[in-house]
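Working notes for the structure below.
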């Protein structure tokens with residue numbers, strides 16, 4: 001009989017605790033509707049609908065843009081290169097070497113994070129990353145710059161033929177897409 005009364009007391013304690021917690025959650029989170037009897041009578045100014053900002057002009061060659069505390073510009077003097085690595089499936093692939101200028105506008109040493117951009121070919125699919133085959137010149141391995149310094153490098157991408165290539169930048173706070181019409 002003692003075990004049964006302990007079990008009943010435990011169940012009662014759990015139920016009371018659950019009810020107490022349910023009563024404490026989000027009861028004050030709702031804002032009173034206009035004319036609600038519980039409102040304090042002071043009316044806060046209502047915000048006007050904000051006009052949507054105009055879409056920026058298309059970013060392409062020789063158009064500088066801001067991203068992640070950096071000013072980035074793609075140069076239009078795109079050169080052809082050949083990926084030469086007998087151990088790669090991409091051996092012999094033609095690569096577009098796109099000049100890129102990155103200026104650090106922040107107050108700290110930084111560079112363009114290689115995980116913040118992806119390249120897409122004219123077919124619309126993501127291109128293979130070939131930066132490791134061009135480590136001497138590719139922006140992915142250019143390192144950091146002190147505040148105000150500029151890094152001159154290339155962004156090397158596999159060439160799929162003439163068409164519009166897109167470089168998508170995304171650092172989880174901002175997204176920017178650059179359209180680069182390339183014909184080698």
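The values are calculated or read from the model by the stated rules, or taken from the named source; none is laboratory data. What you see is a predicted model; the values in this text were computed from it and never measured. Here the Cβ positions follow ideal geometry from the backbone for every residue, glycine too, while neighbour counts run over all protein chains shown.
Values for this structure:
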read-out: Conditions (1) more than 22 Å from the chain's Cα centre (by Cα); (2) modelled with pLDDT under 95; (3) surrounded by 14 or more Cβ atoms within 10 Å (Cβ to Cβ): number failed by residue 138; value: (1)
read-out: Residues satisfying the stated conditions in the range 64-83, i.e. in a loop (DSSP other than H, G, I, E, B), without any contact (Cβ under 8 Å) to a residue 40 or more places away in the chain and either surrounded by 13 or more Cβ atoms within 10 Å (Cβ to Cβ) or out of contact with any strand residue (DSSP E or B) (no Cβ under 6 Å at 6 or more places or on another chain) (or both); value: 75, 76
read-out: Count of residues meeting criterion [part of a loop (DSSP other than H, G, I, E, B), without any contact (Cβ under 8 Å) to a residue 60 or more places away in the chain and within 17 Å of residue 184 (Cβ to Cβ)] in the range 85-127; value: 5
read-out: All positions within the range 155-184 that are under 15 Å from residue 80 (Cα atoms), without any contact (Cβ under 8 Å) to a residue 60 or more places away in the chain and surrounded by 12 or more Cβ atoms within 10 Å (Cβ to Cβ); value: 160, 163
read-out: Residues satisfying the stated conditions in the range 128-168, i.e. touching a helix residue (DSSP H, G or I) at 6+ places or on another chain (Cβ under 6 Å) and in a strand (DSSP E or B); value: 138, 153, 155, 156
